[in-house]
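Novice: Mind looking over this structure? Questions follow.
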Amino acid sequence: MIFLLAGGPGATPVPAEAPPADPIYQYNAAGKADPFRPFLEMDLTLKKKKEEGQKKKAVAMGRPLSPLQQAELGQFRLLGIAGDENKRVAIVAHGPTKKFYPLFVGTYIGLNEGRVAAILPDRLVVEERVETQDKKKRKRVQVRQISILLHREQ
């Protein structure tokens with residue numbers, strides 16, 4: 001018995017059909033929003049520029065700007081006062097960031113260059129220097145005292 005094969009030693013091979021090539025995908029981002037850029041970036045840049053302006057002003061005055069000087073005085077809450085009559089320490093909390101800071105007499109606090117003038121048993125006294133002009137365009141410096149009371153919880 002003899003078998004003859006169609007693809008024997010003298011036959012020419014038939015080329016196999018190549019599968020169709022996949023189309024090459026290209027993304028065109030022209031006119032489309034960047035999906036990796038935050039939506040609120042503009043508000044943040046304006047806020048950062050304002051903060052940088054305040055920092056530059058403080059550096060120009062010769063002192064660095066602390067976290068206590070980057071918030072309004074009304075955002076701080078007096079939590080406690082410790083010490084004796086000679087030396088007292090006040091602890092304040094910054095509302096939005098929920099951080100605690102110790103204050104001593106002479107510590108700068110607030111946006112208006114306030115300074116701790118006295119720490120009494122029930123309050124904290126902060127002095128702010130405010131420049132005003134009278135009718136004759138003369139500049140006057142007024143010292144404003146602000147008291148932050150200690151709220152005792154029942």
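No lab work stands behind these numbers, since they all come straight from the coordinates. Quick caveat: nothing in here was measured; it's all calculated off a predicted structure. Cβ placement follows ideal geometry from the backbone for every residue including glycine, while neighbour counts extend to all protein chains displayed.
Novice: Which whole-Hz ³J(HN,Hα) couplings does segment 72-78 yield from phi under the Karplus relation 6.51 cos²θ - 1.76 cosθ + 1.60, θ = phi - 60°, glycine and proline marked x?
Specialist: Those phi angles translate into 5, 5, x, 7, 9, 10, 7 Hz.
Novice: Say R0 is 30 Å: what FRET efficiency, to the nearest 0.05, do residue 149 and residue 46 get from their beta-carbon distance?
Specialist: On the way: r = 35 Å, r/R0 = 1.16.
After rounding, the FRET efficiency stands at 0.30.
Novice: Are there any trypsin sites (Lys or Arg not before Pro) in segment 68-112 that are in a DSSP loop and have at most 12 other Cβ atoms within 10 Å? List them by number.
Specialist: 87, 98
Novice: Tell me, what ³J(HN,Hα) does each residue in segment 107-119 have, in order and in whole Hz, if you take phi through Karplus 6.51 cos²θ - 1.76 cosθ + 1.60 with θ = phi - 60° and put x for Gly and Pro?
Specialist: Karplus values, whole Hz, x for Gly and Pro: 6, 7, 8, x, 6, 9, 6, x, 9, 5, 8, 8, 10.
Novice: Kindly state, as a whole number, the per residue volume in cubic angstrom of the convex hull around the alpha carbon atoms of segment 64-149. Mind dumping the intermediate values first?
Specialist: Values: hull volume 9.3 nm³, N = 86.
Hull volume normalised by residue count: 108 Å³.
Novice: Further question on the same structure: Given charges of +1 on the Cβ of Lys and Arg and -1 on the Cβ of Asp and Glu, with all other atoms neutral, how large is the dipole of segment 75-154 about its Cα centre, in debye to the nearest 20?
Specialist: 540
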